[in-house]
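Each reported figure results from applying straightforward, stated rules to the coordinates on display, with no laboratory input. All values derive from a computational prediction rather than experimental measurement. Glycine gets a Cβ as well: all are built from the backbone with ideal geometry, and neighbour counts include every protein chain shown.
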Amino acid sequence: MRIFTEISLLRNYLFSQKQANKTLGLVATMGALHQGHLSLIFYSKKDNDLSIASIFVNPIQFDKSSDLEKYPKKTKEDLDKLEQAGCDIVFLPDAKQMYGKTPKVKMIFEGLDNTMEGEHREGHFSGVGVVVAKLFNIIQPTRAYFGQKDLQQFAVIRQMTEDLSFETEVISCPIVREKDGLAMSSRNLRLTEKEREVAPKFQKSLLLAQKTLKSGKTTNQTSEIVREFMEEISEFELEYFSVVDSQSLEAIEIPQVGQSIALCAAAFLGNVRLIDNIVFNFE
Ligand code: AMP
């Protein structure tokens, strides 16, 4: 596995691989890797000659410096996991290499970034857009793999890829969960034992919402039921619960038959912020 910390050396190497007509799959991460990240590497390996993972904790997508500072860093373990997964190349830049100074470019995603994560994390999607555009520009991957776990992030990246005519094909991959249903996340490492015990209830609240909507209740009624369910677990503080079209992210009050619905939520468990979602066809 080749490891690059410098953009220019990575570009040179990738240029030679492209000359040899190799296809390249990108998995962009912030490290502290788990099976969710590694599943993206496996999808990439299936489709491409070469797979590259980037590990970069992107400062400009954090709205709270405390969240950035507490973000887990496990570089040595990450490199071992990537090697074992058969990843070919790792891009491991530091903030100076990526940005020099803080970039002045900002991105807005009309209709996609003012709800849910965008509403609660100021500047988050601008930071995500800038870093992914930068990675696409440096690496020029044939395909890039993202987790459905960050559903709104994927919608934003898909829009950016189309609007800016990047040649990369962007692919959304299923959420990988722990046995008890908790969506894998680097942030789960920060949960206390007690918090980890109740954490699966978060997905349970989404499954309850799905059942409630299917029984004919409206979004408002369903939201109320989800809120009540979450309030009973004192460790949780629900930030939002939204019912949206899985592609356009437009809010849905009464689901229509055949619609692809996403149930999205964010909640604090102690001081760890979790997100999760379920996507299903309304029948
Ligand atoms: P992160 O390191 O959190 O920025 O995530 C890097 C990529 O891994 C993103 O595309 C995430 O959506 C994806 N990812 C994170 N957690 C999971 C998971 N549990 N299942 C599948 N993909 C995931």
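Extension gain, Ala20 to Phe282: 0.36 nm times the residue separation minus the Cα-Cα distance gives 89.7 nm.
For the pair Ser248 and Phe42 in one chain, pulling the backbone fully straight at 0.36 nm per residue adds 71.4 nm over the alpha carbon distance. With a cut-off of 15 Å between beta carbons, the residues surrounding Glu110 carry a summed charge of -3, where Lys and Arg count +1 and Asp and Glu -1. Taken as entire DSSP H runs, the helices of the chain that both span 20 Å or more between Cα atoms along their own long axis and average 0.5 or more on the Kyte-Doolittle scale are 124-139. In terms of its Cα atoms, the range 1-68 spans 44, 28, 18 Å along the principal axes, sorted from long to short.
Starting from the Cα of Val198, move 7 Å in the Cα-to-Cβ direction to define the label point; list residues of the range 229-245 whose amide nitrogen is under 18 Å from there. Within reach of a label on Val198, which here means backbone N under 18 Å from a point 7 Å along Cα→Cβ, the range 229-245 contributes 229-241.
When a/c reaches 1.5 or more, the comparison of a/b and b/c decides; with that in mind, is the range 161-283 rounded, prolate or oblate per its Cα gyration tensor? Oblate. Just to confirm my numbers, what's the Cα centroid distance between the range 75-131 and the range 161-180 in Å? With the range 75-131 and the range 161-180 each reduced to a Cα centre, they are spaced 14 Å. A Gaussian network model of the chain, with springs between Cα atoms under 10 Å, assigns the largest mean-square fluctuation among Thr222, Thr29, Thr192 to Thr192. Amide H of Met30: which non-local residues (sequence gap of 5 or more, or other chain) have their own amide H closer than 5 Å, using H built in the peptide plane? Those qualifying (amide H under 5 Å, at least 5 residues apart or on another chain) are Phe56. Taking other residues whose beta carbon is less than 13 angstrom from the beta carbon of Asn281, and scoring Lys, Arg as +1 and Asp, Glu as -1, yields -1.
Charged neighbours of Asp245, selected by a Cβ distance under 15 Å, balance to -1 (K, R count +1; D, E count -1). Amide H to amide H, with H built 1.01 Å from N, Ala266 comes under 5 Å of Glu239, Tyr240, counting only residues 5 or more places away or on other chains. Which residue fluctuates most in the GNM of the chain (Cα springs below 10 Å): Ile225, Ile157, Ile60? Checking each option, the largest mean-square fluctuation is seen for Ile225.
So if we plug the beta-carbon distance of Leu68 and Val257 into 1/(1 + (r/R0)^6) with R0 = 41 Å, what FRET efficiency do we get, rounded to 0.05?
Efficiency computed from Cβ-Cβ geometry: 0.40.
Between Ile261, Ile139, Ile108, the residue with the greatest mean-square fluctuation in the GNM of the chain (Cα pairs under 10 Å linked by springs) is Ile108.
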